[in-house]
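> Pasting a structure below so you can have a look.
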Amino acid sequence: MKVLVLNCGSSSLKYQLMDMADKAVQAKGLVERIGIPGSQLTHRRGEEKRVVEQELPSHREAIALVLETLVDRAFGVISSLGEIGAVGHRVVHGGEKFASSVLINASVMAALAECVELAPLHNPPNIMGIEACQKLMPGVPQVAVFDTAFHQTMPPYAYIYGLPYELYEKYKIRKYGFHGTSHKYVSIRAAEILGKPMSETRLITCHLGNGASIAAVKGGKSLETSMGFTPLEGLMMGTRSGDLDPAIVSFIMEKEKLNAEEANEFLNKKCGVLGVSGVSSDFRDIEEAAAAGNFRAQLALDIFAHDVKKYVGAYAAVLDGADAIVFTAGLGENSPEMRQAVAGGLSYLGVAIDPEKNNVRGKEVDISMDGSSCRVLVIPTNEELMIARDTVEIVSAS
Ligand code: ADP
């Protein structure tokens, strides 16, 4: 079956067409500036690239252009849309309603609308993408794959905050966790690499990208994760503050004269390594600036590594030890320096990194010293493959 995987953001959209017979990516691309003047699509087929500049007022026009390009005689990869067996949508927030991926129907759409309150920036474009596909590809099954679903196995003592319980009952304020598709994918791969049944593995999965989160995964189930009610909690990230004394928020609002929306925007967009370093939110720029002697850039890197190390230690406690620590996403896959800074002081856990094996970028490698009891794995994440797999499984079973 050929599966179209869609990840719709507020003004952008990523897509991949996968042939699940051999898991090959037939084409992929990115549409940017949807609803903003200067929209464009960048379509890739193997090494070939095609850029189409065309005004795209909404996700519907954007998806129509993607479909047109997929069947284009010169640049396409399929002869008709009939070849697409299903569409898999990344949906950010499934609340407590979805603990796994689901075939989309009218009642699922109603439940997704109810989750908008929990993810006002992310869920509306996800819903727009689904509605556009329903119009443009009637009859083609659509599956929703949630960022939150994998973490629905957390026990209540991990997801309830120290707030009056009524706030959980009234507003569903609790820890949800995100990046679930990535944590699940690397957990499955890690068990395969370790040669252990998933049911016997204890893993600490570190998704370190522009957004970053860590999960404690036991027997294939998430027991704890660092992001919370929203993706703002946990590690300091590219532009997000991560954990703070909550009293700082009202203090900043008063001092800087920010309203609630502005404070939220500030904590999500202006903080993290960007705010600390004053250089950039991109770890490559920060590593470069730190190497050139920039004190604040080095401080940002030190805080980040310290944060990751603290969470790894906490999750080793949650799991009663760990069989492996997994590094994934942009920074986790590509920065030997950050991996060394995190794992360098974890000998008490049985971690020992081999510096030569650690000198790797973007490849699946066990970077531990031979014989070390807690393995350290680099596993490039593949959320699209995970979405496509879930989609095939659900469509085949329905
Ligand atoms: P997201 O999907 O959350 O936008 P990614 O997983 O693509 O993020 O990760 C982006 C981050 O990974 C950026 O901060 C980038 O600097 C970092 N990154 C990518 N490649 C490297 C590299 N070679 N060295 C250090 N950091 C890298």
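The values are calculated or read from the model by the stated rules, or taken from the named source; none is laboratory data. It should be emphasised that the depicted structure is a prediction, and the values quoted were computed from it without experimental measurement. No Cβ is skipped: glycine too gets one built from the backbone with ideal geometry, and neighbour counts run over all protein chains shown. Accessible surface areas use protein heavy atoms only, side chains included; no ligands, DNA or RNA. Shrake-Rupley method; radii C 1.70, N 1.55, O 1.52, S 1.80 Å.
> Looking only at region 137-151, count every residue that is open to solvent by 60 Å² or more (accessible area, probe 1.4 Å) and either farther than 25 Å from Gly85 by Cβ or among the aromatic types (Phe, Trp, Tyr) (or both) and tell me the total.
Number satisfying all stated conditions: 0.
> State whether one or more residues within region 312-322 are in a loop (DSSP other than H, G, I, E, B) and within 15 Å of the ligand (Cβ to nearest atom).
Checked against the condition, which is being in a loop (DSSP other than H, G, I, E, B) and within 15 Å of the ligand (Cβ to nearest atom), region 312-322 yields no hits at all.
> Of the conditions (1) touching a helix residue (DSSP H, G or I) at 6+ places or on another chain (Cβ under 9 Å); (2) open to solvent by 40 Å² or more (accessible area, probe 1.4 Å); (3) in contact (Cβ under 8 Å) with a residue 24 or more places away in the chain, Gly272 satisfies every one except a single condition; which number is it?
(2)
> Residue check: is Val249 assigned to a strand (DSSP E or B), away from the ligand (no atom under 16 Å from the Cβ) and not assigned by TED's automatic domain parsing to the domain that holds Pro120?
No: the conditions fail for Val249.
> Select from region 208-226 the residues that are within 12 Å of the ligand (Cβ to nearest atom) and crowded, with 24+ Cβ neighbours inside 10 Å and list them in ascending order.
Matches in region 208-226: Leu208, Ala212, Ser213.
> Give me the residue from region 101-136 that is over 21 Å from Gly228 (Cβ atoms) and in a loop (DSSP other than H, G, I, E, B) and, out of that set, most open to solvent (accessible area, probe 1.4 Å).
Asn105
> Any idea which of (1) at positive phi; (2) touching a residue at least 60 places away in the same chain (Cβ under 8 Å); (3) open to solvent by 60 Å² or more (accessible area, probe 1.4 Å) is the one Lys257 doesn't satisfy?
Condition (2) is where Lys257 drops out.
> If Leu349 passes every condition in (1) open to solvent by 40 Å² or more (accessible area, probe 1.4 Å); (2) more than 16 Å from the ligand (Cβ to nearest atom); (3) over 23 Å from His179 (Cα atoms) but one, which one does it miss?
Leu349 satisfies all of (1) open to solvent by 40 Å² or more (accessible area, probe 1.4 Å); (2) more than 16 Å from the ligand (Cβ to nearest atom); (3) over 23 Å from His179 (Cα atoms) except (1).
> Within region 260-269, track down each residue that is over 18 Å from Phe283 (Cβ atoms) and either surrounded by 12 or more Cβ atoms within 10 Å (Cβ to Cβ) or within 24 Å of the chain's Cα centre (by Cα) (or both).
Glu261, Glu262, Ala263, Asn264, Glu265, Phe266, Leu267
> Find the residue count for region 326-346, including only residues that are away from the ligand (no atom under 13 Å from the Cβ) and either outside the structural domain of Glu288 (by TED's automatic domain parsing) or on the phi > 0 side of the Ramachandran plot (or both).
Count: 0.
> Does Leu258 meet the test of being of a type in the set (A, V, I, L, M), over 22 Å from Ala300 (Cα atoms) and assigned to a loop (DSSP other than H, G, I, E, B)?
Yes; evaluated as a whole, the condition is true for this residue.
> For region 352-388, name all the residues that are in a loop (DSSP other than H, G, I, E, B), within 15 Å of the ligand (Cβ to nearest atom) and open to solvent by 50 Å² or more (accessible area, probe 1.4 Å).
Asn359, Arg361, Lys363
> Could you look through region 185-207, keep only residues that are within 16 Å of the ligand (Cβ to nearest atom) and closer than 23 Å to Phe304 by Cα, and pick out the one that is surrounded by the most Cβ atoms within 10 Å (Cβ to Cβ)?
Going through the qualifying residues, I end up with Val186.
> If Ser280 satisfies every condition in (1) assigned to a loop (DSSP other than H, G, I, E, B); (2) open to solvent by 50 Å² or more (accessible area, probe 1.4 Å) but one, which is the exception?
Unmet condition: (2).
> Checking Ser213 against (1) polar (S, T, N, Q); (2) in contact (Cβ under 8 Å) with a residue 40 or more places away in the chain; (3) assigned by TED's automatic domain parsing to the domain that holds Val326, which single condition isn't satisfied?
Exception for Ser213: condition (2).
> Further question on the same structure: Of all the residues that make up region 37-76, how many are aliphatic (A, V, I, L, M), in contact (Cβ under 8 Å) with a residue 24 or more places away in the chain and open to solvent by 60 Å² or more (accessible area, probe 1.4 Å)?
Of the residues in that region, 0 qualify.
> Would you confirm, using the coordinates I've provided, whether Ala317 is open to solvent by 50 Å² or more (accessible area, probe 1.4 Å), closer than 30 Å to Lys23 by Cα and among the small types (Gly, Ala, Ser)?
Taking the combined requirement at face value, the residue does not satisfy it.
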